[in-house]
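Read through the structure below, which is laid out as structure tokens, and then see the notes.
The values are calculated or read from the model by the stated rules, or taken from the named source; none is laboratory data. Keep in mind it's a predicted model, so treat the numbers as computed, not measured. Heads up, the Cβs are rebuilt from the backbone with ideal geometry, glycines too, and the neighbour counts pull from every protein chain shown.
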Number of protein chains: 2
Amino acid sequence: MEYEQLKLDNQLCFRLYTAARLTMGAYHPYLDPLGITYPQYLVLLVLWEQDKQPVNDIAHKLFLETNTVTPLLQRMEKAGLVKRTKGKEDTRQRIVSLTKKGIEMREQAKHIPECLSNEIIQITGEEEEFVRMIPTLDKLIEGLKQNNQQSTIKQINNQQLNN
Amino acid sequence: MEYEQLKLDNQLCFRLYTAARLTMGAYHPYLDPLGITYPQYLVLLVLWEQDKQPVNDIAHKLFLETNTVTPLLQRMEKAGLVKRTKGKEDTRQRIVSLTKKGIEMREQAKHIPECLSNEIIQITGEEEEFVRMIPTLDKLIEGLKQNNQQSTIKQINNQQLNN
DNA sequence: CTTATTTATATCGTTCACGATGCAAAAGTA
DNA sequence: TACTTTTGCATCGTGAACGATATAAATAAG
């Protein structure tokens, strides 16, 4: 069958795509009561670990583009979770810091990781495989990140050659 | 450290979320020339395997909601890849079928899976781990799917009790 | 010290993704 | 048969996600 491999590829990619979506769905029961989304929760995790960071640092830690993170932060500011102030040394920067509400949410979110872990383990009956999966996913993420940057560099080079 | 586990949870979920996004990005060089997106490519994979399916079947196979798939198909129809006709037995159904252009794209997309596989293997230097990962991801997906449905059922029951 | 380039964000347009809701057809029930 | 419920799809609103573009500030080059 000539086209047989069309089905086989998505073995991995489609499953990653699906697992990620459904996993985010599993956070809903925990995040809805707090009035936040999963990406917003990720931003909070970053800020809980270290408050007062420029947009770029947050984006970088989440492997997101700044044009994704900026509106995210604007919504979070509107929700009273963070505030964004101009940087003092570099006035281009926007320093994102937690508000009282943002700080207090840490306490409310304390048990979410534990709950999610338990849920996943209970649902799948697996734990070892997931632990084993983590460094492999890290390799994939790092590799793809590099690869994307190289594509961008290639494009920039290509663009400069055309001028 | 009381909040330590906050960091640990995302061991898995955050990595799935990130890996899925970056993997989709890796498809860009192959899908952009065809003028399609990754979710559209998935719809085509489903239709290439079996043409003429109702919206619901497609959504189900991709683990997506119909209100995600409907606009997706509308865009694909506008792009001339599929056509949507009313079902004959059940007139509520919309039967999605490939156009000539949609069928022909299969040939152009033939090598994508192979390219992606090679790229991932080359980037990570891993292959075995990914093969091993697949059934675990399947378990996770199936489990989360069940779980989400149960949440929905619970909500419906809860709603009915309140009336 | 100008001018050119890079950098940090922001804005805009398009495409998902999904909860909530609407609607008409089909299926089930009285 | 008349009524209720379910089902299949569509629409709407909101929040990502990202490419392309814009803008002002910082940095580098001349």
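To keep it simple, each residue is scored yes or no on (1) within 26 Å of residue A:12 (Cα to Cα); (2) in contact with a strand residue (DSSP E or B) (Cβ under 6 Å, 6 or more places away or on another chain); (3) near DNA strand D (Cβ under 8 Å from one of its atoms); (4) within 14 Å of chain A (Cβ to nearest Cβ).
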| position | (1), (2), (3), (4) |
| --- | --- |
| B:61 | yes, no, no, yes |
| B:66 | yes, no, yes, no |
| B:70 | yes, no, yes, no |
| B:76 | yes, yes, no, no |
| B:79 | no, no, no, no |
| B:84 | no, yes, yes, no |
| B:87 | no, yes, yes, no |
| B:91 | no, no, no, no |
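Residues in the range B:115-134: is at least one within 16 Å of DNA strand C (Cβ to nearest atom) and either surrounded by 13 or more Cβ atoms within 10 Å (Cβ to Cβ) or at pLDDT 95 or above (or both)? No, the conditions are met nowhere in the range B:115-134. Is it the case that residue A:106 is away from DNA strand C (no atom under 16 Å from the Cβ), among the basic types (Lys, Arg) and in a helix (DSSP H, G or I)? Answer is yes for this residue. Of all residues in the range B:111-152, exactly one satisfies the criterion of being part of a loop (DSSP other than H, G, I, E, B) and facing chain A (nearest Cβ under 7 Å), namely B:126. Condition (residue is at pLDDT 95 or above, part of a loop (DSSP other than H, G, I, E, B) and over 30 Å from residue B:41 (Cβ atoms)) applied to the range A:64-71: is it met by at least one residue? Scanning the range A:64-71, I find no residue that is at pLDDT 95 or above, part of a loop (DSSP other than H, G, I, E, B) and over 30 Å from residue B:41 (Cβ atoms), so the answer is no. The residues of the range B:53-63 that are under 12 Å from the mean Cα position of the chain (by Cα) and free of Cβ contacts under 8 Å to residues at least 12 places away in the same chain, listed by number, are B:59, B:60. Residues that are away from DNA strand C (no atom under 13 Å from the Cβ) and more than 23 Å from residue A:16 (Cα to Cα) were ranked within the range B:51-79; the one that is surrounded by the fewest Cβ atoms within 10 Å (Cβ to Cβ) is B:52. Of all residue pairs spaced 6 or more apart or on separate chains, those with beta-carbon atoms under 9 Å, a first member in the range A:67-87 that is farther than 22 Å from residue A:106 by Cα and a second member that is of a type in the set (A, V, I, L, M) and in a helix (DSSP H, G or I) are A:67/A:59; A:68/A:59. I'd like the full set of residues that are of a type outside the set (A, V, I, L, M, F, W, C) and more than 18 Å from residue A:101 (Cβ to Cβ), limited to the range A:22-38. Scanning the range A:22-38 gives A:23, A:25, A:27, A:28, A:29, A:38. Filtered by the rule that a residue be among the small types (Gly, Ala, Ser), under 12 Å from residue B:109 (Cβ atoms) and within 12 Å of DNA strand D (Cβ to nearest atom), the range B:14-59 gives no residues.
Using the structure shown, decide if residue B:104 is more than 15 Å from DNA strand D (Cβ to nearest atom), facing chain A (nearest Cβ under 10 Å) and free of Cβ contacts under 8 Å to residues at least 24 places away in the same chain. No: the conditions fail for residue B:104.
Any residue at all in the range A:27-35 that's charged (D, E, K, R) and either within 7 Å of another protein chain (Cβ to nearest Cβ) or not in a helix (DSSP H, G or I) (or both)? Within the range A:27-35 (the criterion being charged (D, E, K, R) and either within 7 Å of another protein chain (Cβ to nearest Cβ) or not in a helix (DSSP H, G or I) (or both)), the answer is no, since none of the residues qualifies. Restricting attention to the range B:39-50, the residues that are more than 7 Å from DNA strand C (Cβ to nearest atom), buried (at least 17 other Cβ atoms within 10 Å of the Cβ) and over 21 Å from residue B:91 (Cα atoms) add up to 7. Looking at the range A:11-19, can you tell me whether even one residue there is facing chain B (nearest Cβ under 7 Å), at pLDDT below 95, closer than 23 Å to residue B:62 by Cα and more than 18 Å from the chain's Cα centre (by Cα)? Yes, the range A:11-19 contains at least one residue that is facing chain B (nearest Cβ under 7 Å), at pLDDT below 95, closer than 23 Å to residue B:62 by Cα and more than 18 Å from the chain's Cα centre (by Cα). Identify all residues within the range A:138-148 that are crowded, with 19+ Cβ neighbours inside 10 Å and more than 14 Å from the chain's Cα centre (by Cα); write none if there are none. Across the range A:138-148, the qualifying residues are A:140, A:143, A:144.
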